[in-house]
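The values are calculated or read from the model by the stated rules, or taken from the named source; none is laboratory data. The shown structure was predicted, so the numbers you read here are calculated from the model rather than taken from an experiment. We place every Cβ from the backbone using ideal geometry, glycine too, and count neighbours over all the protein chains shown. Please note that ligands, DNA and RNA were not included when accessible areas were found on the heavy atoms of the full protein model with its side chains. Shrake-Rupley method; radii C 1.70, N 1.55, O 1.52, S 1.80 Å.
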Amino acid sequence: MEKISLDISKTFNTINREQVYALSTAAEAANTALENGTGKGNDFLGWLQLPSSITEDFLDEIQKTADALRTRCEALVVIGIGGSYLGAKAVIDALSGAFDSMDNKKPVIVYAGHNIGEDYLYELSAFLKGKSFGIINISKSGTTTEPALAFRILKKQLEESAGKAEAKNRIVAITDKAKGALRTLATKETYKTFVIPDNVGGRFSVLTPVGLLPVALAGIDIRQLVKGASDMEKASGGQAPFAENIAAQYAATRNILYQQGKKIEILANFNPKLHYVAEWWKQLYGESEGKEHKGIFTASVDFTTDLHSMGQWIQEGERSIFETVISVANPQYKVDVPEDAQDLDGLNYLVGQRLDYVNKMAELGTQMAHVDGGVPNIKITLPKLNAYYIGQLLYFFERACGISGYLLGVNPFDQPGVEAYKKNMFSLLKKPV
Ligand code: PA5
């Protein structure tokens, strides 16, 4: 199998290979603790062997449900927040045409429940008026305020426009197997449901129905996505030696950089389709490691766009950052720079070159400048942007996150801190206890 690759050599302005390899035993032990279930948070390791345990029958059921919704609906609203939102959004944006939603050929996928913006929901509701739409409601707990509010409003709209009986055919609930308000409602209303396993936390759930159903709806090959993840599961498993395990190497490298005072990791891309992969990654690492007053702060930028805004800070601001770049070796399509007789923009020296050549030179030039400016650079390369390599990438980040959390000494699978704002919000809203 061709694999995504990792290059840590451009961090050696700040750390060195020996320091990274000095962590190899600890990284391998962390990986073994994941495999054996002997580390912290071991009741949330259902994601670890998930890709290889997904059956053909299960994928068939997901695909059949997606196809049925696509037949019935012009638009589909995916409701969810955090781990019940970002994975699907990341994969769909990475692998769909940038203007797909404008060509009316496929069902439009829109999102709700990831904010409480009144204007957003009003505008979404107005957009859905007169359209046959369906809803995938995703909530593991089934009690999260944002998606519950969005579902209440959109379910009413759907039932009023399509009738209660037809609405039931267009609503799918993805939730806990037994508990929570969404499970109770789904049983009462006889909605089609999928289960989020108990032992898979939200931010590790992209390869459960949470991610797979919306991704299948978008017409993306879920079999290739799972195959990529499954191949990476093998390549990064507990038996893989450090020198061959890119997930362990990534975890060790960021740990050493953190020890050297690099407290912020910026995930950068040179392909705008990867914007939401970074949003998903920020949650994965931020929520897994930001504990006990420890942990790298995760940030992200889209290049070259943000070189014209954040480029200055990255080049010359406080030296507390390192950069991880996701690079795509080969674009899907080909665009050449055309000749212009007047050449007023002075670009004729590029005539006949591909746009991707210009982008790659921007990438190389940026790497050289940032490394010179004291920003260590890690590079992850995907041969192409397709479902198979995105599957590899997602699992690579998940496995590395588990190892990295153990190296840091925290439980990477809980999130006690997220309750604090909810407590205050409920008290301010006078929620009955
Ligand atoms: O990773 C997490 O646990 C969170 O981001 C949750 O996924 C998010 O809060 C949504 O929770 P739920 O799926 O229970 O509605």
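In the range 62-88, the qualifying residues are those that are part of a helix (DSSP H, G or I) and more than 23 Å from the chain's Cα centre (by Cα), and the one that is farthest from the ligand (Cβ to nearest atom) is Thr71.
Rundown of residues vs (1) without any contact (Cβ under 8 Å) to a residue 24 or more places away in the chain; (2) in contact with a strand residue (DSSP E or B) (Cβ under 8 Å, 6 or more places away or on another chain); (3) aliphatic (A, V, I, L, M); (4) surrounded by 11 or more Cβ atoms within 10 Å (Cβ to Cβ), yes/no style:
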position: Trp313; (1), (2), (3), (4): yes, no, no, yes
position: Glu318; (1), (2), (3), (4): yes, no, no, no
position: Ala369; (1), (2), (3), (4): no, no, yes, yes
position: Gly373; (1), (2), (3), (4): no, no, no, yes
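Would you check if there is a residue in the range 274-295 being of a type outside the set (Val, Ile, Thr) and part of a strand (DSSP E or B)? Yes; the residues of the range 274-295 include at least one that is of a type outside the set (Val, Ile, Thr) and part of a strand (DSSP E or B). Asp43 falls short on exactly one of the conditions (1) open to solvent by 20 Å² or more (accessible area, probe 1.4 Å); (2) within 16 Å of the ligand (Cβ to nearest atom); (3) assigned to a loop (DSSP other than H, G, I, E, B), and that condition is (3).
Selection of the range 115-157 for residues being assigned to a loop (DSSP other than H, G, I, E, B) and within 23 Å of Asn199 (Cα to Cα) yields Lys140, Ser141, Gly142, Thr143, Thr144. Whether any residue in the range 235-252 is assigned to a helix (DSSP H, G or I), over 27 Å from Gly405 (Cβ atoms) and open to solvent by less than 20 Å² (accessible area, probe 1.4 Å) is what I want to check. Taking every residue of the range 235-252 in turn, none turns out to be assigned to a helix (DSSP H, G or I), over 27 Å from Gly405 (Cβ atoms) and open to solvent by less than 20 Å² (accessible area, probe 1.4 Å). Among the residues of the range 189-200, those that are within 14 Å of the ligand (Cβ to nearest atom), assigned to a loop (DSSP other than H, G, I, E, B) and open to solvent by 60 Å² or more (accessible area, probe 1.4 Å) comprise Asp198, Asn199. Of all residues in the range 201-223, those that are more than 24 Å from Ser141 (Cβ to Cβ) and assigned to a helix (DSSP H, G or I) have Cβ atoms under 8 Å from Cβ atoms of residues that are within 16 Å of the ligand (Cβ to nearest atom) and open to solvent by less than 10 Å² (accessible area, probe 1.4 Å), 6 or more apart or on another chain, in Ile222/Leu212. Here is the figure for the range 208-238: residues that are within 14 Å of the ligand (Cβ to nearest atom) and under 14 Å from the mean Cα position of the chain (by Cα) total 4. Take Gly134 and decide whether it is more than 16 Å from the ligand (Cβ to nearest atom) and closer than 22 Å to Thr187 by Cα. Yes, satisfied.
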